[in-house]
Amino acid sequence: MSAPVPLTHITRARNGRPAKRRAQFTVNGEPVDVLFAPHKTLLEVLREDLNLTGTKHGCELGECGACAVLVDGEPVLACLVLGLDAEGRDVTTVEGMADGPALHPIQEAFAQYGAAQCGYCTPSFMLTAQVLLEKNPSPSRDEIREALSSSICRCTGYVKIYEAVELAAARMRGEEADILEEAIYGR
Amino acid sequence: MNAFEWVNATTVDEAIGQLGAASLLKAGGVDVLDRLKEGLDAPPRLVNIRTVKGLDRIEGDAATGLRIGPLVTLAALDVHPVVRKSFVALADAAGHAATPQIRNMATAGGNLLQRPRCWYFRSRDFHCLKKGGDTCFSQHGENQYHAIFGNEICAIVHPSALGTALVALGGSVELASSRGKRIVLAEQFFLPPAAALERENGLAEDELLTAIVVPPLGASARSAYTKVGEKESFDWPIAEVAAVVERSGANVSRASIVLGAAAPVPHRATAAEKLLAGKPLTRETARAAARAAIEGATPLSENRYKVTLFENVVRRTLLDAGGVR
(Lines give C-alpha, C1' and ligand atoms only; values in the text may rest on other atoms or scores of the structure.)
Protein backbone atom coordinates (compact mmCIF):
# COMPACT_ATOMS: atom_id res chain seq x y z
CA MET A 1 0.00 0.00 0.00
CA SER A 2 1.10 3.51 -0.68
CA ALA A 3 1.65 5.79 2.28
CA PRO A 4 -0.34 9.01 2.09
CA VAL A 5 1.73 12.14 1.59
CA PRO A 6 1.77 14.21 4.79
CA LEU A 7 -0.64 17.09 4.53
CA THR A 8 2.10 19.61 5.21
CA HIS A 9 3.63 18.74 1.82
CA ILE A 10 0.53 19.72 -0.10
CA THR A 11 -0.35 23.19 -1.23
CA ARG A 12 -4.02 23.77 -0.63
CA ALA A 13 -5.83 25.73 -3.29
CA ARG A 14 -7.56 28.88 -2.03
CA ASN A 15 -10.11 30.70 -4.15
CA GLY A 16 -9.29 28.37 -6.99
CA ARG A 17 -5.59 29.27 -6.95
CA PRO A 18 -2.88 27.14 -5.44
CA ALA A 19 -1.41 28.91 -2.45
CA LYS A 20 2.04 30.42 -2.52
CA ARG A 21 4.83 28.30 -1.18
CA ARG A 22 7.87 29.20 0.84
CA ALA A 23 11.35 28.14 -0.22
CA GLN A 24 14.67 28.57 1.54
CA PHE A 25 17.93 28.33 -0.35
CA THR A 26 21.13 30.31 -0.83
CA VAL A 27 21.84 32.74 -3.63
CA ASN A 28 25.42 33.85 -4.13
CA GLY A 29 26.27 32.58 -0.67
CA GLU A 30 23.48 34.40 1.14
CA PRO A 31 20.48 32.58 2.59
CA VAL A 32 17.13 33.63 1.11
CA ASP A 33 13.59 32.86 2.25
CA VAL A 34 11.02 33.53 -0.47
CA LEU A 35 7.26 33.12 -0.86
CA PHE A 36 5.99 32.57 -4.40
CA ALA A 37 3.47 30.69 -6.55
CA PRO A 38 4.47 27.04 -7.18
CA HIS A 39 4.48 27.47 -10.96
CA LYS A 40 7.16 30.18 -10.96
CA THR A 41 10.45 29.17 -12.49
CA LEU A 42 13.74 29.77 -10.71
CA LEU A 43 14.42 32.40 -13.37
CA GLU A 44 11.25 34.28 -12.44
CA VAL A 45 11.94 33.97 -8.72
CA LEU A 46 15.48 35.30 -9.14
CA ARG A 47 14.40 38.25 -11.28
CA GLU A 48 11.01 39.14 -9.82
CA ASP A 49 11.23 38.14 -6.17
CA LEU A 50 14.94 38.61 -5.51
CA ASN A 51 15.59 41.47 -7.95
CA LEU A 52 18.59 39.70 -9.47
CA THR A 53 18.06 40.69 -13.07
CA GLY A 54 21.48 39.62 -14.36
CA THR A 55 19.97 36.27 -15.37
CA LYS A 56 18.06 36.74 -18.61
CA HIS A 57 14.80 35.50 -20.07
CA GLY A 58 15.33 34.04 -23.52
CA CYS A 59 13.44 31.30 -25.32
CA GLU A 60 11.92 29.80 -22.14
CA LEU A 61 12.32 26.30 -23.61
CA GLY A 62 15.95 25.42 -22.98
CA GLU A 63 17.11 26.27 -26.47
CA CYS A 64 19.03 29.54 -26.07
CA GLY A 65 20.88 29.19 -22.76
CA ALA A 66 20.47 32.85 -21.75
CA CYS A 67 19.09 31.92 -18.32
CA ALA A 68 21.97 29.67 -17.19
CA VAL A 69 22.77 29.81 -13.47
CA LEU A 70 24.72 27.46 -11.23
CA VAL A 71 22.79 25.16 -8.93
CA ASP A 72 25.04 23.31 -6.49
CA GLY A 73 27.96 24.41 -8.64
CA GLU A 74 26.71 23.01 -11.95
CA PRO A 75 25.32 25.09 -14.81
CA VAL A 76 21.61 24.55 -15.41
CA LEU A 77 18.89 26.47 -17.22
CA ALA A 78 16.85 28.54 -14.77
CA CYS A 79 13.87 28.65 -17.16
CA LEU A 80 13.46 24.88 -16.83
CA VAL A 81 13.94 24.70 -13.06
CA LEU A 82 10.96 25.53 -10.90
CA GLY A 83 11.72 27.88 -8.04
CA LEU A 84 10.56 25.28 -5.51
CA ASP A 85 13.19 22.92 -6.89
CA ALA A 86 15.87 25.26 -5.50
CA GLU A 87 14.82 24.40 -1.94
CA GLY A 88 17.94 23.72 0.13
CA ARG A 89 20.32 24.21 -2.76
CA ASP A 90 23.07 26.72 -3.57
CA VAL A 91 22.31 29.02 -6.47
CA THR A 92 24.94 31.24 -8.10
CA THR A 93 24.04 33.98 -10.54
CA VAL A 94 26.25 36.36 -12.47
CA GLU A 95 25.85 38.83 -9.59
CA GLY A 96 27.91 36.40 -7.51
CA MET A 97 30.94 36.37 -9.80
CA ALA A 98 32.66 39.60 -8.79
CA ASP A 99 34.46 39.83 -5.45
CA GLY A 100 33.17 43.16 -4.18
CA PRO A 101 34.40 45.79 -6.62
CA ALA A 102 36.94 43.40 -8.19
CA LEU A 103 35.67 41.70 -11.34
CA HIS A 104 36.20 37.98 -11.79
CA PRO A 105 39.06 37.31 -14.25
CA ILE A 106 36.48 35.98 -16.71
CA GLN A 107 34.47 39.21 -16.48
CA GLU A 108 37.68 41.22 -16.90
CA ALA A 109 38.64 39.25 -20.02
CA PHE A 110 35.14 39.50 -21.53
CA ALA A 111 35.26 43.28 -21.06
CA GLN A 112 38.73 43.59 -22.57
CA TYR A 113 37.94 41.44 -25.57
CA GLY A 114 34.56 42.99 -26.30
CA ALA A 115 33.20 39.48 -25.88
CA ALA A 116 29.92 41.10 -24.88
CA GLN A 117 28.13 43.17 -27.47
CA CYS A 118 24.46 43.44 -26.64
CA GLY A 119 25.34 41.54 -23.46
CA TYR A 120 22.16 39.54 -23.18
CA CYS A 121 23.84 36.12 -23.37
CA THR A 122 26.97 37.18 -21.48
CA PRO A 123 25.98 36.14 -17.93
CA SER A 124 25.31 32.59 -19.13
CA PHE A 125 28.61 32.34 -20.98
CA MET A 126 30.62 33.68 -18.05
CA LEU A 127 29.02 31.43 -15.43
CA THR A 128 29.41 28.36 -17.61
CA ALA A 129 33.03 29.27 -18.34
CA GLN A 130 33.65 29.68 -14.62
CA VAL A 131 32.61 26.07 -13.95
CA LEU A 132 34.65 24.84 -16.91
CA LEU A 133 37.80 26.57 -15.65
CA GLU A 134 37.30 25.29 -12.11
CA LYS A 135 37.28 21.73 -13.46
CA ASN A 136 39.73 22.17 -16.30
CA PRO A 137 42.22 25.05 -15.92
CA SER A 138 43.69 24.50 -19.40
CA PRO A 139 40.81 23.64 -21.73
CA SER A 140 41.36 23.25 -25.44
CA ARG A 141 39.36 25.42 -27.83
CA ASP A 142 37.13 22.40 -28.55
CA GLU A 143 36.53 21.80 -24.85
CA ILE A 144 35.52 25.44 -24.44
CA ARG A 145 33.20 25.18 -27.43
CA GLU A 146 31.55 22.05 -26.04
CA ALA A 147 31.15 23.49 -22.53
CA LEU A 148 29.62 26.70 -23.86
CA SER A 149 27.48 25.01 -26.50
CA SER A 150 24.24 25.60 -24.58
CA SER A 151 24.34 29.35 -25.00
CA ILE A 152 23.57 31.17 -28.19
CA CYS A 153 25.18 34.55 -29.01
CA ARG A 154 23.83 36.40 -32.02
CA CYS A 155 26.33 39.30 -31.88
CA THR A 156 29.90 38.14 -31.47
CA GLY A 157 30.27 35.09 -33.70
CA TYR A 158 31.74 33.38 -30.59
CA VAL A 159 35.43 33.93 -31.45
CA LYS A 160 35.89 36.75 -28.95
CA ILE A 161 34.05 34.71 -26.32
CA TYR A 162 36.42 31.77 -26.77
CA GLU A 163 39.45 34.09 -26.78
CA ALA A 164 38.24 35.77 -23.60
CA VAL A 165 37.84 32.41 -21.86
CA GLU A 166 41.36 31.43 -22.97
CA LEU A 167 42.77 34.71 -21.67
CA ALA A 168 40.99 34.33 -18.34
CA ALA A 169 42.20 30.72 -18.10
CA ALA A 170 45.80 31.81 -18.62
CA ARG A 171 45.51 34.52 -15.97
CA MET A 172 43.82 32.16 -13.53
CA ARG A 173 46.73 29.75 -14.03
CA GLY A 174 48.96 32.61 -12.91
CA GLU A 175 50.43 33.31 -16.31
CA GLU A 176 51.20 36.79 -17.57
CA ALA A 177 48.71 37.06 -20.41
CA ASP A 178 47.13 39.88 -22.32
CA ILE A 179 44.63 40.41 -25.07
CA LEU A 180 45.88 39.58 -28.57
CA GLU A 181 46.82 42.75 -30.47
CA GLU A 182 44.94 41.67 -33.57
CA ALA A 183 41.80 41.08 -31.53
CA ILE A 184 41.47 44.70 -30.48
CA TYR A 185 38.75 46.28 -32.51
CA GLY A 186 39.91 48.89 -35.00
CA ARG A 187 43.59 47.93 -35.21
CA MET B 1 2.01 27.68 -17.82
CA ASN B 2 -1.03 26.94 -15.65
CA ALA B 3 -1.04 27.44 -11.91
CA PHE B 4 -0.68 24.13 -10.11
CA GLU B 5 -0.18 22.86 -6.62
CA TRP B 6 3.07 21.19 -5.73
CA VAL B 7 3.89 18.03 -3.87
CA ASN B 8 7.35 16.81 -2.92
CA ALA B 9 7.39 13.02 -2.88
CA THR B 10 10.22 11.67 -0.74
CA THR B 11 9.68 7.93 -1.14
CA VAL B 12 8.62 5.63 -3.98
CA ASP B 13 5.39 4.85 -2.12
CA GLU B 14 4.57 8.54 -1.73
CA ALA B 15 5.17 9.08 -5.45
CA ILE B 16 2.98 6.11 -6.38
CA GLY B 17 0.29 7.38 -3.99
CA GLN B 18 0.19 10.65 -5.93
CA LEU B 19 -0.32 9.06 -9.36
CA GLY B 20 -3.59 9.81 -11.06
CA ALA B 21 -5.32 11.88 -13.68
CA ALA B 22 -4.86 15.14 -11.73
CA SER B 23 -1.10 14.71 -11.30
CA LEU B 24 1.91 15.09 -13.51
CA LEU B 25 5.24 13.75 -12.28
CA LYS B 26 8.41 15.80 -12.64
CA ALA B 27 11.98 14.62 -12.17
CA GLY B 28 14.58 16.82 -13.89
CA GLY B 29 11.72 18.81 -15.36
CA VAL B 30 13.28 19.48 -18.75
CA ASP B 31 10.56 17.92 -20.90
CA VAL B 32 7.80 18.54 -18.36
CA LEU B 33 8.48 22.29 -18.20
CA ASP B 34 8.60 22.49 -21.98
CA ARG B 35 5.22 20.77 -22.13
CA LEU B 36 3.70 22.97 -19.44
CA LYS B 37 4.92 26.10 -21.22
CA GLU B 38 3.75 24.83 -24.60
CA GLY B 39 0.32 24.16 -23.11
CA LEU B 40 0.43 20.43 -23.92
CA ASP B 41 -0.14 19.58 -20.28
CA ALA B 42 -1.96 21.61 -17.64
CA PRO B 43 -2.10 19.44 -14.51
CA PRO B 44 -3.80 20.65 -11.32
CA ARG B 45 -0.93 19.10 -9.37
CA LEU B 46 2.77 18.71 -10.07
CA VAL B 47 4.45 15.91 -8.15
CA ASN B 48 8.14 16.46 -7.67
CA ILE B 49 9.92 13.11 -7.63
CA ARG B 50 13.41 14.61 -7.75
CA THR B 51 13.20 14.51 -3.95
CA VAL B 52 12.57 10.74 -3.82
CA LYS B 53 15.50 9.20 -1.98
CA GLY B 54 17.63 6.42 -3.41
CA LEU B 55 16.67 6.66 -7.08
CA ASP B 56 19.82 8.52 -8.17
CA ARG B 57 22.35 5.70 -7.97
CA ILE B 58 24.19 3.60 -10.54
CA GLU B 59 24.89 0.13 -9.20
CA GLY B 60 26.68 -2.89 -10.63
CA ASP B 61 29.61 -3.49 -12.93
CA ALA B 62 30.58 -5.15 -16.22
CA ALA B 63 30.13 -8.64 -14.76
CA THR B 64 26.77 -8.12 -13.03
CA GLY B 65 25.19 -5.59 -15.34
CA LEU B 66 23.81 -2.23 -14.24
CA ARG B 67 20.90 -0.99 -12.22
CA ILE B 68 20.43 2.69 -12.95
CA GLY B 69 18.11 4.82 -10.86
CA PRO B 70 15.69 6.90 -12.93
CA LEU B 71 16.93 10.12 -11.27
CA VAL B 72 20.54 9.62 -12.44
CA THR B 73 21.34 12.58 -14.67
CA LEU B 74 22.56 12.18 -18.24
CA ALA B 75 25.72 14.03 -17.14
CA ALA B 76 26.36 11.43 -14.42
CA LEU B 77 25.79 8.52 -16.84
CA ASP B 78 28.17 10.06 -19.35
CA VAL B 79 31.12 10.14 -16.93
CA HIS B 80 30.41 7.12 -14.74
CA PRO B 81 33.59 4.97 -15.01
CA VAL B 82 31.81 1.61 -15.37
CA VAL B 83 29.25 2.89 -17.89
CA ARG B 84 31.96 4.69 -19.85
CA LYS B 85 34.24 1.64 -19.96
CA SER B 86 31.86 -1.30 -20.35
CA PHE B 87 28.58 0.12 -21.69
CA VAL B 88 29.96 2.63 -24.19
CA ALA B 89 26.75 2.91 -26.21
CA LEU B 90 24.85 4.02 -23.11
CA ALA B 91 27.51 6.53 -22.02
CA ASP B 92 27.75 8.00 -25.50
CA ALA B 93 23.98 8.19 -25.94
CA ALA B 94 23.75 10.10 -22.64
CA GLY B 95 26.77 12.26 -23.38
CA HIS B 96 25.64 13.38 -26.82
CA ALA B 97 22.11 14.35 -25.88
CA ALA B 98 21.24 18.06 -25.80
CA THR B 99 23.85 20.24 -24.08
CA PRO B 100 26.01 20.08 -20.94
CA GLN B 101 23.53 22.31 -19.06
CA ILE B 102 20.56 20.17 -19.98
CA ARG B 103 22.48 16.98 -19.22
CA ASN B 104 23.07 18.33 -15.70
CA MET B 105 19.30 18.52 -15.22
CA ALA B 106 17.81 15.78 -17.40
CA THR B 107 17.34 12.35 -15.83
CA ALA B 108 17.64 8.88 -17.32
CA GLY B 109 14.00 8.11 -16.52
CA GLY B 110 12.83 11.38 -18.00
CA ASN B 111 14.83 10.77 -21.13
CA LEU B 112 13.05 7.43 -21.66
CA LEU B 113 9.60 8.85 -20.90
CA GLN B 114 9.80 12.23 -22.65
CA ARG B 115 7.12 12.97 -25.21
CA PRO B 116 7.90 13.16 -28.94
CA ARG B 117 9.40 16.25 -30.51
CA CYS B 118 7.24 16.19 -33.66
CA TRP B 119 6.43 19.85 -34.28
CA TYR B 120 2.79 19.09 -35.05
CA PHE B 121 2.45 17.25 -31.76
CA ARG B 122 4.21 20.06 -29.87
CA SER B 123 2.16 22.85 -31.42
CA ARG B 124 -1.16 23.57 -29.78
CA ASP B 125 -2.39 24.77 -33.18
CA PHE B 126 -2.43 21.22 -34.56
CA HIS B 127 -4.92 18.76 -33.10
CA CYS B 128 -3.05 15.78 -34.44
CA LEU B 129 -3.80 12.07 -34.28
CA LYS B 130 -1.63 11.66 -31.21
CA LYS B 131 -3.66 14.27 -29.35
CA GLY B 132 -6.99 12.67 -30.24
CA GLY B 133 -7.46 14.37 -33.61
CA ASP B 134 -8.01 12.58 -36.90
CA THR B 135 -4.98 13.66 -38.96
CA CYS B 136 -1.25 13.01 -38.85
CA PHE B 137 -0.11 16.31 -40.32
CA SER B 138 3.43 15.06 -40.94
CA GLN B 139 2.28 12.60 -43.59
CA HIS B 140 1.87 15.38 -46.13
CA GLY B 141 3.42 18.27 -44.26
CA GLU B 142 6.89 19.25 -43.08
CA ASN B 143 8.35 15.82 -42.45
CA GLN B 144 12.10 16.17 -42.94
CA TYR B 145 12.85 14.96 -39.39
CA HIS B 146 10.17 12.29 -39.22
CA ALA B 147 10.19 8.53 -39.33
CA ILE B 148 11.34 6.42 -42.28
CA PHE B 149 10.07 3.15 -40.77
CA GLY B 150 6.68 2.34 -39.28
CA ASN B 151 5.35 5.76 -40.21
CA GLU B 152 2.03 4.88 -41.84
CA ILE B 153 -0.20 5.91 -38.90
CA CYS B 154 1.85 8.53 -37.02
CA ALA B 155 5.34 9.50 -38.18
CA ILE B 156 6.96 10.63 -34.91
CA VAL B 157 10.46 9.45 -34.16
CA HIS B 158 11.04 8.20 -30.65
CA PRO B 159 12.92 11.01 -28.89
CA SER B 160 14.98 8.99 -26.41
CA ALA B 161 18.67 8.42 -27.19
CA LEU B 162 18.95 6.27 -24.06
CA GLY B 163 16.04 4.21 -25.36
CA THR B 164 17.95 3.45 -28.55
CA ALA B 165 21.02 2.33 -26.59
CA LEU B 166 18.95 0.43 -24.02
CA VAL B 167 17.16 -1.65 -26.67
CA ALA B 168 20.50 -2.45 -28.34
CA LEU B 169 21.95 -3.53 -24.99
CA GLY B 170 18.95 -5.76 -24.22
CA GLY B 171 18.02 -3.63 -21.20
CA SER B 172 14.78 -3.46 -19.25
CA VAL B 173 12.81 -1.06 -17.12
CA GLU B 174 11.44 -1.78 -13.65
CA LEU B 175 7.91 -0.48 -13.12
CA ALA B 176 6.39 -0.24 -9.65
CA SER B 177 2.80 0.28 -8.55
CA SER B 178 0.68 -0.56 -5.52
CA ARG B 179 0.13 -3.93 -7.25
CA GLY B 180 3.86 -4.72 -7.10
CA LYS B 181 6.80 -4.55 -9.46
CA ARG B 182 7.30 -5.80 -12.97
CA ILE B 183 10.30 -5.83 -15.28
CA VAL B 184 9.66 -5.10 -18.95
CA LEU B 185 12.21 -5.52 -21.72
CA ALA B 186 12.89 -2.07 -23.22
CA GLU B 187 12.14 -3.46 -26.65
CA GLN B 188 8.61 -4.33 -25.51
CA PHE B 189 8.18 -1.27 -23.30
CA PHE B 190 8.18 1.20 -26.20
CA LEU B 191 4.94 0.91 -28.14
CA PRO B 192 4.30 1.80 -31.79
CA PRO B 193 1.29 3.94 -32.80
CA ALA B 194 -0.71 0.85 -33.82
CA ALA B 195 -0.52 -0.38 -30.22
CA ALA B 196 -0.86 2.94 -28.36
CA LEU B 197 -1.57 6.03 -30.39
CA GLU B 198 -1.69 8.59 -27.60
CA ARG B 199 1.36 7.41 -25.65
CA GLU B 200 4.73 5.93 -26.53
CA ASN B 201 5.24 3.20 -23.96
CA GLY B 202 3.54 0.67 -21.74
CA LEU B 203 3.82 2.56 -18.46
CA ALA B 204 0.41 2.18 -16.80
CA GLU B 205 -1.26 5.18 -15.16
CA ASP B 206 -0.58 3.84 -11.69
CA GLU B 207 3.06 2.91 -12.33
CA LEU B 208 6.36 4.60 -11.58
CA LEU B 209 9.57 3.79 -13.44
CA THR B 210 11.91 2.83 -10.59
CA ALA B 211 15.01 1.44 -12.35
CA ILE B 212 16.72 0.87 -15.66
CA VAL B 213 18.34 -2.54 -15.80
CA VAL B 214 21.15 -3.38 -18.21
CA PRO B 215 22.33 -7.00 -18.44
CA PRO B 216 26.06 -7.77 -18.54
CA LEU B 217 27.58 -7.92 -22.01
CA GLY B 218 29.50 -11.04 -22.98
CA ALA B 219 33.26 -10.84 -22.45
CA SER B 220 33.78 -10.55 -26.21
CA ALA B 221 31.00 -8.03 -26.78
CA ARG B 222 31.52 -4.35 -27.48
CA SER B 223 28.97 -1.61 -27.97
CA ALA B 224 29.00 1.70 -29.81
CA TYR B 225 26.67 4.61 -30.46
CA THR B 226 26.74 7.24 -33.19
CA LYS B 227 24.61 10.34 -33.44
CA VAL B 228 24.35 12.58 -36.47
CA GLY B 229 22.61 15.92 -36.18
CA GLU B 230 22.50 18.93 -38.43
CA LYS B 231 24.87 20.57 -35.96
CA GLU B 232 27.66 18.88 -34.01
CA SER B 233 26.32 19.95 -30.63
CA PHE B 234 22.99 20.95 -29.15
CA ASP B 235 20.76 19.29 -31.69
CA TRP B 236 18.38 16.41 -31.91
CA PRO B 237 19.67 13.51 -33.94
CA ILE B 238 18.49 13.16 -37.50
CA ALA B 239 20.00 9.68 -37.33
CA GLU B 240 21.43 7.68 -34.43
CA VAL B 241 22.49 4.06 -34.17
CA ALA B 242 23.44 1.89 -31.20
CA ALA B 243 25.10 -1.44 -31.86
CA VAL B 244 26.51 -4.38 -29.94
CA VAL B 245 28.88 -6.79 -31.64
CA GLU B 246 29.72 -10.06 -29.88
CA ARG B 247 32.34 -12.37 -31.31
CA SER B 248 33.11 -16.04 -31.11
CA GLY B 249 36.59 -16.54 -32.49
CA ALA B 250 36.93 -14.48 -35.65
CA ASN B 251 33.22 -14.41 -36.40
CA VAL B 252 30.32 -12.37 -35.10
CA SER B 253 28.21 -14.59 -32.89
CA ARG B 254 25.57 -11.96 -32.21
CA ALA B 255 24.93 -8.45 -33.44
CA SER B 256 22.39 -6.02 -32.06
CA ILE B 257 21.67 -3.02 -34.27
CA VAL B 258 19.10 -0.39 -33.27
CA LEU B 259 18.22 2.78 -35.14
CA GLY B 260 16.96 5.87 -33.28
CA ALA B 261 15.26 8.91 -34.82
CA ALA B 262 14.10 6.42 -37.46
CA ALA B 263 10.71 5.17 -36.29
CA PRO B 264 8.07 5.79 -33.60
CA VAL B 265 9.99 3.29 -31.42
CA PRO B 266 13.69 2.37 -31.35
CA HIS B 267 13.95 0.35 -34.56
CA ARG B 268 15.79 -2.98 -34.52
CA ALA B 269 17.45 -3.86 -37.83
CA THR B 270 16.70 -7.57 -37.66
CA ALA B 271 17.76 -8.41 -41.22
CA ALA B 272 21.13 -6.73 -40.71
CA GLU B 273 21.68 -8.59 -37.44
CA LYS B 274 20.94 -11.95 -39.13
CA LEU B 275 23.21 -11.13 -42.02
CA LEU B 276 26.21 -10.54 -39.75
CA ALA B 277 25.76 -13.62 -37.56
CA GLY B 278 28.43 -16.25 -38.24
CA LYS B 279 30.50 -13.97 -40.43
CA PRO B 280 33.63 -11.95 -39.67
CA LEU B 281 33.06 -8.22 -39.27
CA THR B 282 34.83 -6.52 -42.17
CA ARG B 283 34.25 -3.39 -44.18
CA GLU B 284 32.39 -5.55 -46.73
CA THR B 285 30.11 -7.34 -44.28
CA ALA B 286 29.42 -4.07 -42.46
CA ARG B 287 28.44 -2.48 -45.76
CA ALA B 288 26.13 -5.38 -46.59
CA ALA B 289 24.56 -5.23 -43.12
CA ALA B 290 24.03 -1.48 -43.46
CA ARG B 291 22.27 -2.01 -46.77
CA ALA B 292 20.07 -4.66 -45.16
CA ALA B 293 19.28 -2.25 -42.30
CA ILE B 294 17.56 0.22 -44.60
CA GLU B 295 15.63 -2.38 -46.60
CA GLY B 296 11.92 -1.73 -46.36
CA ALA B 297 12.25 1.95 -45.42
CA THR B 298 9.19 4.01 -46.37
CA PRO B 299 10.50 7.59 -46.46
CA LEU B 300 8.07 10.49 -46.62
CA SER B 301 8.18 13.40 -49.06
CA GLU B 302 11.05 15.27 -47.38
CA ASN B 303 13.08 12.68 -45.48
CA ARG B 304 14.44 10.38 -48.17
CA TYR B 305 17.93 11.69 -47.29
CA LYS B 306 17.68 9.86 -43.97
CA VAL B 307 17.74 6.48 -45.73
CA THR B 308 21.22 7.11 -47.13
CA LEU B 309 22.30 8.69 -43.88
CA PHE B 310 21.22 5.68 -41.84
CA GLU B 311 23.04 3.30 -44.20
CA ASN B 312 26.26 5.16 -43.48
CA VAL B 313 25.66 5.54 -39.76
CA VAL B 314 24.87 1.83 -39.34
CA ARG B 315 28.07 0.90 -41.19
CA ARG B 316 30.21 3.28 -39.16
CA THR B 317 28.70 2.21 -35.84
CA LEU B 318 29.24 -1.48 -36.59
CA LEU B 319 32.89 -0.87 -37.50
CA ASP B 320 33.26 1.20 -34.36
CA ALA B 321 31.69 -1.49 -32.13
CA GLY B 322 33.80 -4.17 -33.81
CA GLY B 323 37.01 -2.17 -33.53
CA VAL B 324 37.51 -2.35 -37.32
CA ARG B 325 39.39 0.69 -38.59
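The values are calculated or read from the model by the stated rules, or taken from the named source; none is laboratory data. As the structure is a prediction and not an experimental result, all values here were calculated from the model. A quick note on method: Cβ atoms are made from the backbone with ideal geometry, for glycine too, and the neighbour counts reach across all protein chains shown. Please note that ligands, DNA and RNA were not included when accessible areas were found on the heavy atoms of the full protein model with its side chains. Shrake-Rupley method; radii C 1.70, N 1.55, O 1.52, S 1.80 Å.
Just check the stretch B:1-129 against the gyration tensor rule for me: Cα atoms, a ≥ b ≥ c as the square roots of the eigenvalues, rounded for a/c under 1.5, and otherwise prolate or oblate depending on whether a/b exceeds b/c. It comes out oblate by the Cα gyration axes. Report, in degrees rounded to the nearest 10, the 0 to 90 angle that the Cα long axis of helix A:122-135 makes with the longest principal axis of chain A. Computed tilt is about 80 degrees. Taking Cα centroids, how far is the stretch B:89-108 from the stretch B:227-277 in Å? Using only Cα atoms, the two centres lie 18 Å from each other. Estimate the FRET efficiency between A:Asn136 and B:Ser220 by the formula 1/(1 + (r/R0)^6), using the beta-carbon distance for r and 41 Å for R0, to the nearest 0.05. Approximately 0.70, to the nearest 0.05.
Computed from backbone phi with θ = phi - 60° and the Karplus coefficients 6.51, -1.76 and 1.60, the 3J(HN,Hα) list for the stretch B:64-71 is 9, x, 10, 10, 10, x, x, 8 Hz; x is used for glycine and proline.
Were the residues from B:Arg57 through B:Arg287 laid out at 0.36 nm apart, the gain over their Cα-Cα distance would be 78.9 nm. Relative to the compact-globule estimate of 2.2 N^0.38 Å, the Cα radius of gyration of the stretch B:242-325 comes out at 1.05. Restricting the GluC sites (Glu not before Pro) of the stretch B:266-325 to loop positions (DSSP other than H, G, I, E, B) with no more than 15 neighbouring Cβ atoms within 10 Å leaves B:Glu295, B:Glu302. How are the Cα pair distances of chain A distributed, in percent, across 10 Å bins from 0? Bin by bin from 0 Å, the calculated values are 9, 33, 30, 16, 8, 3, 1, 0. If you model the stretch A:7-96 as an ellipsoid using its alpha carbon gyration tensor, with each semi-axis the square root of five times an eigenvalue, the axes come out at 22, 15, 11 Å, biggest first. Applying a DSSP loop filter and a limit of 13 other Cβ atoms within 10 Å to the trypsin sites (Lys or Arg not before Pro) in the stretch B:232-321 leaves B:Arg304. Loop-located chymotrypsin sites (Phe, Trp or Tyr not before Pro) across the stretch A:105-156 with a Cβ neighbour count of 12 or fewer within 10 Å are lacking, with loop assigned by DSSP. Taking amide hydrogens as placed 1.01 Å from N in the peptide plane, the amide H of B:Asn143 sits under 5 Å from those of B:Glu302, each at least 5 positions away in sequence or on another chain.
Proximity of backbone amide H atoms, modeled 1.01 Å from N, is registered between B:Ala106 and B:Leu74 at under 5 Å, excluding neighbours fewer than 5 places apart on the same chain. Normalised per residue, the accessible area of the protein assembly as shown is 43 Å², obtained with a 1.4 Å probe and no contribution from ligands, DNA or RNA. Put simply, the C-alpha atoms of chain B give a gyration tensor, and the ellipsoid matching it has half-axes of 32, 25, 16 Å, longest first. Equivalent-ellipsoid semi-axes for the protein assembly as shown (Cα gyration tensor, √(5λ), whole Å, largest first): 37, 31, 22. As a length-normalised measure over Cα pairs under 8 Å and 6 or more apart, the relative contact order of chain B settles at 17 percent. Within the stretch B:179-325, the percentage of alpha carbon pairs spaced more than 18 angstrom apart rounds to 61%. Classify the stretch B:136-257 from the C-alpha gyration tensor, please: rounded if a/c falls under 1.5, else prolate or oblate depending on whether a/b exceeds b/c. The shape class here is oblate. With R₀ fixed at 25 Å, the C-beta to C-beta distance from A:Asn51 to B:Glu38 puts the FRET efficiency at about 0.30. Taking amide H atoms as placed 1.01 Å from N in the peptide plane, the amide H of B:His96 has no partner under 5 Å among residues 5 or more positions away or on other chains.
Panel note: the C-alpha atoms of the stretch A:105-183, placed on their principal axes, show extents of 31, 27, 18 Å (largest first). Placing R0 at 51 angstrom, the Cβ-Cβ distance between B:Val79 and B:His140 gives a FRET efficiency of 0.70 after rounding to 0.05.
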